[in-house]
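Accompanying notes for the structure given below.
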Amino acid sequence: MSEAILIVGGYGDVGAFLGAELVAAGHRCIRVAGRSEQKARAMAEKLGESADWVVMDVHDPASVDAALEGVGTVVGCIDQREYYLLNAAVQRGLRYVDVTASREFIEAGLALADTARDSGARVLLAAGLTPGLINMMARRCADAVGGAQEVHTHGLFSTGDTFGLAAVRFMLQIMAKPYTILVGGEERVVHCFGSYRDVSFPAPAERRRVFLYAYPDQFFYPRTLGADTSTSWFAMEPPWITTTIAWMLRLGGRSLLRFKAVQGLLLRVFNLTSRLQRGDDQLMFSVEVTGPDGTCWAGVRGHGEGVGTALSAGLMIRELLEGDRVLPGVWLPEQIIPLDAYLSAMADRGWEVELRPSLGAGNAGGEV
């Protein structure tokens, strides 16, 4: 394919891994994009003769337009305050894949579905781990039990992961805000850490207490899988961190999280913990789906959030690049990615999904 694959944020944690994955898969026209000329050039040189680079600011429309010249596929690995890049890719009829874990961004992308169909653009959002891999696990479970009435997804992260502090920063920013979930077909306003449940993860963690959390995947299962209950839950390793956060919020700390000074203090604490845990980059996900034929559990364990995100996105990009199996429009992974091929390829890379049909659901604590 002569048209370039533009990796926006191509020298960041995810973009760097993804560029290497695409080169290893045989793609010969990779373009590394970012605001730093020095970093973009260095990453392109590291990737070899298959790569070049361009300076680009996603918040500058002229910069976006210039960077898209000669591009056939765009991969977004960076947060966007304004959605110039997404809109430009759709209007030009390009292929676009994004790993952003932002509900607002995903909603904005889905709203462009009609424009994408008219322009011929093929857009895949939520292509990372959560959302991304975890969506595919939910679909696998739904298939095993005849559909999805309830979907509960759980993430267990380590502060020792080099990508972990980004997750902590995101967590602190959203923790003070209420959000709405669907329970029994009715909307319910909740807060992060407002409820807990004890759930199963793959060995060696096996059983952990997780807390209600605003991961974006839960907001879309009612649309993609038909669920009338959909929730997402979170915990960190070591366990005392999650417990400390829960107690802090119970004692009124939620209002204090609005202050940047408090966020900064907590980030320093997590940074210290991260250094002590350095090298322990294991993370796990589990999913419980209840349908007409029972309840199915799926679990997966891997290492490195950045690496896992790049692996997932790379496999999903391949689906958009190989032929015209994906129709123009804006999609989430569980709607268009072939399930067996994707999960098999992730397993080959060390992310093997374990499936247990007809397992009892987790025990909820408090009310959701």
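The values are calculated or read from the model by the stated rules, or taken from the named source; none is laboratory data. If you're wondering where the values come from, they're calculated on a predicted model, not measured in any experiment. All Cβ positions, glycine included, derive from the backbone under ideal geometry; neighbour counts span all protein chains shown.
Per the conditions (1) touching a His at 6+ places or on another chain (Cβ under 6 Å); (2) at pLDDT below 95; (3) polar (S, T, N, Q), the sole criterion not satisfied by Gln277 is (1).
Scanning the stretch 60-78 for residues that are farther than 25 Å from Glu305 by Cα and touching a residue at least 40 places away in the same chain (Cβ under 8 Å) returns Ala67, Leu68, Gly70, Val71, Gly72. The single condition among (1) at pLDDT below 80; (2) in contact with a strand residue (DSSP E or B) (Cβ under 6 Å, 6 or more places away or on another chain) that Leu251 does not meet is (2). Taking the stretch 84-97 as the search range and keeping residues that are within 22 Å of the chain's Cα centre (by Cα) and in a helix (DSSP H, G or I), which one is surrounded by the fewest Cβ atoms within 10 Å (Cβ to Cβ)? So the residue we want is Asn87. Within the stretch 352-367, the set of residues being surrounded by 13 or more Cβ atoms within 10 Å (Cβ to Cβ), modelled with pLDDT of 65 or more and either within 23 Å of the chain's Cα centre (by Cα) or among the small types (Gly, Ala, Ser) (or both) comprises Glu352, Val353, Glu354, Leu355. If you go through the stretch 112-127 and keep only what is in contact (Cβ under 8 Å) with a residue 24 or more places away in the chain and in contact with a strand residue (DSSP E or B) (Cβ under 9 Å, 6 or more places away or on another chain), you end up with Leu112, Ala113, Thr115, Ala116, Arg117, Ala121, Arg122, Val123, Leu124, Leu125, Ala126, Ala127. Being free of Cβ contacts under 8 Å to residues at least 60 places away in the same chain and part of a loop (DSSP other than H, G, I, E, B) is true of Arg81. Cβ separations smaller than 7 Å between residues 6+ apart or across chains give the following pairs from the stretch 239-256 residues that are surrounded by 15 or more Cβ atoms within 10 Å (Cβ to Cβ) to residues that are polar (S, T, N, Q): Ile241/Thr159; Ile241/Thr273.
Condition check ((1) under 15 Å from the mean Cα position of the chain (by Cα); (2) assigned to a strand (DSSP E or B)) across all residues:
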position	(1), (2)
Thr290	no, yes
Ala298	no, yes
Gly302	yes, yes
Gly308	yes, no
Leu311	yes, no
Gly314	yes, no
Glu319	no, no
Leu327	no, no
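Among the residues of the stretch 218-237, is any closer than 30 Å to Val330 by Cβ, acidic (Asp, Glu) and either assigned by TED's automatic domain parsing to the domain that holds Met137 or surrounded by fewer than 17 Cβ atoms within 10 Å (Cβ to Cβ) (or both)? Yes, that holds for at least one residue. Of the residues that make up the stretch 83-92, is at least one small (Gly, Ala, Ser), touching a Pro at 6+ places or on another chain (Cβ under 9 Å) and over 26 Å from Leu133 (Cα atoms)? Scanning the stretch 83-92 turns up at least one residue that is small (Gly, Ala, Ser), touching a Pro at 6+ places or on another chain (Cβ under 9 Å) and over 26 Å from Leu133 (Cα atoms).
Of all residues in the stretch 329-351, those satisfying the criterion of being crowded, with 19+ Cβ neighbours inside 10 Å and in contact with a helix residue (DSSP H, G or I) (Cβ under 7 Å, 6 or more places away or on another chain) are Gly329, Val330, Leu332, Pro333, Glu334, Ile337, Tyr342, Leu343, Met346, Trp351. Note on the stretch 222-244: residues that are in a strand (DSSP E or B) and not acidic (Asp, Glu) amount to 8. Yes or no: the stretch 290-297 includes at least one residue that is surrounded by fewer than 18 Cβ atoms within 10 Å (Cβ to Cβ), touching a helix residue (DSSP H, G or I) at 6+ places or on another chain (Cβ under 9 Å) and either more than 21 Å from Ala101 (Cα to Cα) or not β-branched (Val, Ile, Thr) (or both). Taking every residue of the stretch 290-297 in turn, at least one turns out to be surrounded by fewer than 18 Cβ atoms within 10 Å (Cβ to Cβ), touching a helix residue (DSSP H, G or I) at 6+ places or on another chain (Cβ under 9 Å) and either more than 21 Å from Ala101 (Cα to Cα) or not β-branched (Val, Ile, Thr) (or both).
Here is a yes/no grid of residues against (1) within 29 Å of Thr180 (Cα to Cα); (2) outside any helix (DSSP H, G or I); (3) among the small types (Gly, Ala, Ser); (4) touching a residue at least 12 places away in the same chain (Cβ under 8 Å):
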{"site": "Gly15", "(1), (2), (3), (4)": "no, no, yes, yes"}
{"site": "Val23", "(1), (2), (3), (4)": "no, no, no, yes"}
{"site": "His27", "(1), (2), (3), (4)": "no, yes, no, yes"}
{"site": "Val58", "(1), (2), (3), (4)": "no, yes, no, yes"}
{"site": "Phe105", "(1), (2), (3), (4)": "yes, no, no, yes"}
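Looking at Ala203, is it in the same structural domain as Leu256 (by TED's automatic domain parsing) and either part of a strand (DSSP E or B) or buried (at least 17 other Cβ atoms within 10 Å of the Cβ) (or both)? No, not satisfied. The requirement of being modelled with pLDDT of 95 or more and in a helix (DSSP H, G or I) is fulfilled somewhere in the stretch 67-77, by at least one residue.
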